[in-house]
1. Taking 8 Å as the Cα distance limit and 6 or more residues as the minimum spacing, I'd like the relative contact order of the range 131-173 as a percentage.
2. Short version: ³J(HN,Hα) in whole Hz for each residue of the range 29-36, in order, from phi by Karplus 6.51 cos²θ - 1.76 cosθ + 1.60 (θ = phi - 60°), x for Gly and Pro, what are they?
3. Net charge around residue 115, counting only other residues with Cβ within less than 9 Å of its Cβ (Lys, Arg = +1; Asp, Glu = -1)?
4. For residue 27, enumerate residues with amide H under 5 Å from its amide H, sequence gap 5+ or separate chain, H modeled in the peptide plane.
5. Using a simple charge model, +1 on the beta-carbon of Lys and Arg, -1 on the beta-carbon of Asp and Glu, nothing else, what dipole does the range 63-152 show about its Cα centre, in debye to the nearest 20?
6. In nm, what is the difference between 0.36 nm times the number of residues separating residue 8 and residue 113 and their Cα-Cα distance?
Amino acid sequence: MPILDTGMLLNRNHPNSITIAIRAVNRGRHHAVVGIQSYRFHSGSVRDEGEFGSEQVRTIRLVALAPAQQEESAFAISHTVQDLQSFGIRIVAGGPGGRDVAATAAELDADGNMLHIHPMPAVRTANRDEKGLAYVANHTQHSLTVIDTSTDTRIMTLPLNAGSSPRQVAITPD
């Protein structure tokens, strides 16, 4: 599940109100779903019961994107951020076409003119396997198929004993 992120942006306007134009585009052949979020980090003191440095996320919109070159393969929204010195915009992409989503965020002035474009590169997340694998039980073929989810390709099909007819897969670390 790719995550596209602007990183922390500074709100230079007075009285700390800025409009961001966010655009997400599906460049692939499969449908995708994107969650558009704004976030900030709590900057309270340590006395605030451990809240210092904690992330506060606000969901702006959840959108389904059609495959490339079809209607609704792109989505744009303007979002006003108020009373924050720093914030970030994040897009979490999922679905079969999630890896094909690209996005940008642009700062707009009061007249809607673009001041600055912030690229939204994909970020690597901690505690995420580099290679995600999916295991599919093939009931009538008496086998187990291993799929590399990063490329959506079959790695191998493991034959099982005749008559095993697997319906579910259970995996343990050992």
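Read-outs: derived from the displayed coordinates by stated rules, not from any lab. Remember, it's a predicted structure, so these values are computed and weren't measured experimentally. FYI the Cβ positions are ideal-geometry reconstructions off the backbone, even for glycines, and counts take in every protein chain you see.
1. Computed value for the range 131-173: 38 percent relative contact order.
2. Result, ordered by residue: 9, 10, 5, 9, 10, 10, x, 9 Hz.
3. Spelling it out: positives minus negatives among the neighbours equals -2.
4. Close amide H contacts, sequence-distant or interchain: 101, 102.
5. That gives the range 63-152 a dipole magnitude of about 420 debye.
6. Answer, rounded to one decimal: 35.6 nm.
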